[in-house]
Amino acid sequence: QGQLVESGGGLVQPGGSLRLSCSTRGFINYHIGWFRQPPGQEREFVAVITRNSGATDYADSVKGRFTVSRSNVQNAAWLQMNSLRPEDTAVYYCAATTVVGGGYRRSEQYYSSWGQGTQVTVSS
């Protein structure tokens, strides 16, 4: 099993875009989820993509603005974030799970491996 490593965070103005990357070497048979933890709040689900990219799921707060994708050839997953808002400010994590069932993939307790996180700050 490998190690998940996020990159691509930074400071962006409201309405801007960022693309987060997650190295997924060793996790080809895992679904990859994205979570975030805003300042002073608990970690929350953002998006998930299944191991064969057959299905995706998004939190209502990001639906239509964020897109999750992956390539098992490139050993990477991405979270494209558009139309960013100040409330998107958070530490973003990628994580891996093998749990079956879409509802379970929204819950962090079913994720066995986590990256170290990358900071995203949306501010003017």
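So here's what we get for this one:
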quantity: Reference-scaled alpha-carbon Rg (2.2 N^0.38 Å with N residues) for the chain; calculated: 0.97
quantity: Accessible surface of Thr67 - all protein chains present, 1.4 Å probe, nearest 10 Å²; calculated: 70 Å²
quantity: Accessible area expressed per residue, the chain, with surrounding protein chains retained (probe 1.4 Å, Å²); calculated: 50 Å²
quantity: Distance-filtered residues of region 3-42 - backbone nitrogen under 20 Å, label point 7 angstrom along Asp60 Cα→Cβ; calculated: 34-38, 42
quantity: Heavy-atom accessible area order for Leu84, Leu11, largest first, 1.4 Å probe; calculated: Leu11, Leu84
quantity: Apportionment of accessible area to carbon and sulfur, the chain, percent (1.4 Å); calculated: 44 percent
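The values are calculated or read from the model by the stated rules, or taken from the named source; none is laboratory data. The shown structure was predicted, so the numbers you read here are calculated from the model rather than taken from an experiment. Don't worry about glycine lacking a Cβ; one is built from the backbone with ideal geometry, like all the others, and counts go over all protein chains shown. Accessible surface is based on the protein model in full, side chains and every heavy atom, while ligands, DNA and RNA are left aside. Shrake-Rupley method; radii C 1.70, N 1.55, O 1.52, S 1.80 Å.
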